[in-house]
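The values are calculated or read from the model by the stated rules, or taken from the named source; none is laboratory data. Computed from a predicted model, the values in this text were never measured in an experiment. Cβ atoms come from the backbone with ideal geometry, glycine included; neighbour counts cover every protein chain shown.
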Amino acid sequence: MLLLLLLGIITFYILQKFLYRKYWKRGLGVAIGFESRSAYEGEVAYLREEITNDKFLPLPVLEVNLAMDKRLKFSGDAKDNASVTDQSYRRDIFSLFVRQKVIRRLPFVCERRGFYEITKADVIGYDFFFQRSFHDNREFKASMYVYPRLADSRRIALLCRAVSGMVVTRNRLFPDPFQFSGIREYRPSDPMHQINWKASAKGQGILVNQFDSTTNIRMKLILDTEDTGIVRRDKLNEEGIRIAASLASRMVKERMEVTVTGNGMKRIHLKEGAGRIQKLYEELARIDIYKQTERICEELGREKEKLLPDVIYVIVSMNQDKETADAVASLAEKGNPVLWVIPVMSAAEHAVLSEVTVFRWEMEG
């Protein structure tokens with residue numbers, strides 16, 4: 001009897017070994033993806049794992065190993081199986097019976113702005129006695145954007161008022177003769193063709209037509225992501241990206257035409273209702289602040305060669321070296337309004353330029 005039992009065990013061992021070697025990955029589905037296409041810095045998002053064993057052979061132990069960026073911080077139970085080196089390697093263990101599907105939602109915190117991808121997974125299965133492992137590589141196209149966190153709306157409102165003030169000043173230099181706004185008393189500097197003779201005949205003095213300006217003023221925001229300091233200033237660089245995202249989206253909502261460009265990104269043109277804000281956020285998410293770029297001075301030099309009178313310039317740059325300051329000042333030489341937004345750690349750090357409006361953006365905390 002014992003001999004028959006032993007023979008049965010040996011037969012079962014050999015049979016299951018053959019079956020797992022040949023069929024372990026048949027009907028095995030591994031689907032990995034982010035539940036949302038995008039999120040903002042600091043928000044919680046979810047990774048979805050869907051494992052299917054669609055066959056009559058159970059999988060007692062199945063490992064799914066994913067290589068993920070360590071800036072996506074898993075939390076709660078989802079953190080237990082994650083080991084961190086240069087990347088965050090997730091090692092999830094599943095046990096699947098016959099024709100079973102297991103779905104897991106793993107929460108993580110989007111700690112840093114960026115574009116994140118999962119392109120492959122290493123899948124490891126074991127036989128019934130855990131004596132042999134079987135490997136398979138699965139490829140995916142899972143990705144998500146983590147947009148820069150939008151800056152405090154009250155502080156952005158101050159920047160918007162500064163831009164609006166420059167718009168009003170600029171518009172006064174270019175009155176639109178087609179936008180009638182009222183009647184006022186004549187001044188010696190008023191041209192004769194603006195006199196309203198009909199209204200003057202009814203009154204006791206000469207009255208002239210008054211016009212509002214409807215000149216289409218555009219804003220060009222130039223973002224500098226180069227770090228010229230000896231010690232890296234990543235926090236200031238990231239804050240500059242947040243300022244650019246927040247100010248551009250706010251001014252578009254105010255019906256201003258905005259172009260955003262810089263030495264670390266592609267040019268994005270925004271109009272009200274054009275639905276391009278998402279494209280801007282995606283481009284800003286992709287900026288690599290560690291990648292070598294050209295100096296912002298070169299970008300400003302090219303802008304100076306093609307200045308248009310109806311453009312207001314906003315420069316977002318933490319670099320306050322003489323070369324950058326001279327390039328910013330040079331942009332204002334032909335009369336275009338220029339606002340230089342400087343992210344700083346302390347309000348005591350500042351550049352002073354008589355030709356340019358300087359807005360020092362002190363880091364909170």
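For this structure, a couple of remarks:
- When the range 95-124 is filtered for residues that are out of contact with any Lys or Arg (no Cβ under 7 Å at 6 or more places or on another chain), surrounded by 14 or more Cβ atoms within 10 Å (Cβ to Cβ) and under 30 Å from residue 21 (Cβ atoms), the ones remaining, listed by number, are 96, 100, 102, 104, 118, 122, 124.
- Restricting the first member to the range 268-283 and to residues that are modelled with pLDDT under 90, and the second to residues that are in a helix (DSSP H, G or I), the beta-carbon pairs closer than 7 Å and six or more apart or on different chains are 272/252.
- Identification of strands (runs of 3 or more DSSP E) wholly contained in the range 244-353 with 2 or more residues that are under 15 Å from the mean Cα position of the chain (by Cα) and under 27 Å from residue 114 (Cα atoms) yields 257-262, 265-270.
- Test: residue in the range 160-180 that is on the phi < 0 side of the Ramachandran plot, at pLDDT below 85 and acidic (Asp, Glu): yes
- Taking the criterion of being in contact with a Cys (Cβ under 9 Å, 6 or more places away or on another chain) and surrounded by fewer than 18 Cβ atoms within 10 Å (Cβ to Cβ), the only residue of the range 249-303 that qualifies is 254.
- Every residue from the range 137-168 that is of a type outside the set (A, V, I, L, M), surrounded by 12 or more Cβ atoms within 10 Å (Cβ to Cβ) and over 24 Å from the mean Cα position of the chain (by Cα): 138, 164, 165
- Identity of the residue in the range 1-39, among the polar types (S, T, N, Q) and assigned to a helix (DSSP H, G or I), that ends up surrounded by the most Cβ atoms within 10 Å (Cβ to Cβ): 16
- Among (1) over 24 Å from residue 284 (Cβ atoms); (2) touching a strand residue (DSSP E or B) at 6+ places or on another chain (Cβ under 7 Å); (3) modelled with pLDDT under 85, the one test that residue 187 misses: (2)
- Tabulated pairs, the range 318-339, first of a type in the set (Asp, Glu), second buried (at least 18 other Cβ atoms within 10 Å of the Cβ), C-beta under 7 angstrom, 6+ apart or interchain: 323/297
- When residue 98 is tested against the conditions (1) modelled with pLDDT under 85; (2) touching a Pro at 6+ places or on another chain (Cβ under 7 Å); (3) of a type in the set (A, V, I, L, M), the lone failure is (1).
- Flag: residue 222 does not match the condition of being in a loop (DSSP other than H, G, I, E, B), in contact with a strand residue (DSSP E or B) (Cβ under 6 Å, 6 or more places away or on another chain) and at pLDDT 95 or above.
- Residue 76 without any contact (Cβ under 8 Å) to a residue 24 or more places away in the chain, loosely packed, with under 11 Cβ neighbours inside 10 Å and among the small types (Gly, Ala, Ser): no
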